[in-house]
């Protein structure tokens, strides 16, 4: 395993912009987490009518740092290609909000949070949260910001589940919904891969039954293996072949020992694993993957996904990617058809890409054009003013 | 960003049958355009008639183009996706120049008139005299400006004539509220009121149907 060259800043010491709700949040499981903290970032300006707000929902290992350098890793925001001035989600025009999910580890209430004031962290005692709970926490933030109706809710992967949940739970608060590379439930295969990751964490001696925080350690190897297994599911076979093939790292001679030479793909995955542990908490990983596994929007509506959206006036744009085998197009088509059963206004596009599930995070011009065009069309229907033109340079004084 | 704004008002360049169809649609109505291509018609219906117009298109490149221009279009198939919609979801369901390319035309028509109050169907007329004469005198599958692809390449697996369509509508008990046949250039013609002449001289046919 690659060792990080410099010790990372401690996750716990980092301050994140946040709101505290002292009355807490009653979860679906019956537990009340009190207080509820929601960490978030925003970009752009909320207009006077408060009608231009866009909520971006992040994926399993994402966070609220959508369009700016990450405070821990220093890397660019995870969706800087999509969110920013002149980008498809144009921050000159829209007020963009992204919140760290409930159960996360970037400032929102989660397993690393103390129980009550100054108590010990929840750890594995953190109650099982659901995608519905996560969305209710986001709703609290949006209400706190004075926004009654979001112009759009956009998200990929688990973020797409949040989008679907938003549209089903708060149809009148969502003008447009863009679920990307997602599904209305986790398949058995999705659950299976998550379970491999969880078992890797459990198998790490440093996990210590989830109380690793008490001894100041963390199950870095287990979490890294979980990330490696998951990362394979984010890529396509073509993408792996194109990026790495069977190339060996180094001189390419046959090794004299069994693991003497390393394939580039191995090196890449190990790097992904080792950098991940610096920015993610193992108990959060367990909590969030479990929430995704339990998500089943149709089951909450007597098995009919269409009835989850009955009477909706939200405009939907469902987007999938042709080489995504984690959330394949068939899942998106099932959502589109359910929306048809509800006679909803739905656009549905499969973007041709060989980059696998990760395509939604990468440079995909067709995806970006589709998203920008859909939002522009919705803005027209919502009566949003076009983006202000850049101010003219004042004439130089003589 | 402004480049992506939907400014595609192209009525004067719009295909003739689309212009004729647009004239049949009531302002403010709910419309589903099956086989909508790049969405020209639904854009026109929204901009000029305030319709809630949506589209289904099988070709993904066309769908991407349409959605990227802000139009509500979903990738789908007339043969398999219409059954998903609830009864009476639309006032008009449009199928322009697509009937001859679907797998089960009779079932598609039934679905159209289940999910919509009215159906508007346009199709190229296989009874046109040029088509007939090529088959009669040349003995080969016709190739005309309307039927422009060789038999082994054509997606048009169910060509029909105007009289065939009258026959199917009667069999299914549909009421033909309006119909017309037109030459490709859309000029008015005296034969357009007589089915037998229309079937011989009309290059395209346009029908508005409702359930009896």
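Here, each number is a calculation from the coordinates, and none is a lab measurement. Just so it is clear, the structure is predicted and the values come from calculations on it, not from any experiment. Cβ placement follows ideal geometry from the backbone for every residue including glycine, while neighbour counts extend to all protein chains displayed.
How would you classify the range A:208-348 from its alpha-carbon gyration tensor, with a ≥ b ≥ c the square roots of the eigenvalues: rounded for a/c under 1.5, else prolate if a/b is greater than b/c, otherwise oblate?
It comes out oblate by the Cα gyration axes.
Order these by the 10 Å Cβ neighbour count, fewest first: A:233, A:120, A:109.
Least to most surrounded, the residues fall as A:120, A:233, A:109.
Efficiency by 1/(1 + (r/R0)^6): what FRET value for residue A:267 and residue A:92, r their Cβ-Cβ distance, R0 = 45 Å, to the nearest 0.05?
So, using R0 = 45 Å, E works out to roughly 0.65.
Using the 10 angstrom Cβ neighbour count as an exposure proxy, how do B:164, A:358, A:63 rank, fewest first?
So the residues, fewest neighbours to most, are B:164, A:358, A:63.
Nearest 10 degrees is fine. How inclined is helix A:264-276 to the longest principal axis of chain A, computing both from alpha carbons?
Taking the Cα atoms of chain A, the angle to A:264-276 is about 70 degrees.
Can you sort B:51, A:317 from fewest to most other Cβ atoms within 10 Å of each residue's own Cβ?
B:51, A:317
How large is the Kirkwood hydrodynamic radius of the range B:18-158, counting all unique pairs of alpha carbons, in Å?
Here the Kirkwood hydrodynamic radius works out to 15.9 Å.
Beta carbons within 10 angstrom, averaged per residue: use that to sort the peptides B:205-211, A:35-41, highest first.
Peptide ranking by packing, descending: A:35-41, B:205-211.
By how many nm would the segment from residue A:69 to residue A:299 lengthen if fully extended, with 0.36 nm per residue of separation less the alpha-carbon distance?
78.9 nm
Average partner chain C-beta neighbours within 10 Å, per residue of A:371-381?
Going residue by residue through A:371-381 and averaging, the value is 6.
Residue B:157 versus residue B:170, label points 7 Å from Cα toward the beta carbon: distance in nm?
Calculated label separation equals 2.9 nm.
Apply the a/c threshold of 1.5 to the C-alpha gyration tensor of the range A:33-72 and tell me whether it is rounded, prolate or oblate.
oblate
In nm, to one decimal, how far is the modelled label at residue A:124 from the one at residue B:212, with both set 7 Å along Cα→Cβ?
7.1 nm
Does chain A classify as rounded, prolate or oblate by the C-alpha gyration tensor (a ≥ b ≥ c root eigenvalues; a/c under 1.5 gives rounded; else a/b over b/c gives prolate, otherwise oblate)?
Rounded shape, in that the Cα axes give a/c under 1.5.
Per residue of A:329-337, what is the mean number of Cβ atoms on other protein chains within 10 angstrom of that residue's Cβ?
2
How large is the helix-only mean residue ellipticity at 222 nm for chain A, computed as the sum of -39500 (n - 2.57) over DSSP H runs with n ≥ 4, divided by its residue count, in deg cm²/dmol to the nearest 500?
-10000 deg cm²/dmol
If I fit a long axis through the Cα atoms of helix A:220-234 and take the longest principal axis of the Cα atoms of chain A, what angle between them do I get, 0 to 90°, rounded to 10?
Long axis of A:220-234 versus the principal axis of chain A: about 50 degrees.
Once you put a point 7 Å from the Cα of residue A:192 and another 7 Å from the Cα of residue A:45, both along the Cβ direction, what distance in nm separates them?
Once both label points are built, they end up 5.3 nm from each other.
Could you give the radius of gyration (one decimal) and Dmax (whole number) of the Cα atoms in the range A:307-389, in Å?
14.3, 42
Across the residues of B:70-80, average count of Cβ atoms on other protein chains within 10 Å?
6
Helix A:282-294 against the longest principal axis of chain A: what's the angle in degrees, Cα atoms only, rounded to the nearest 10?
It works out to around 60 degrees.
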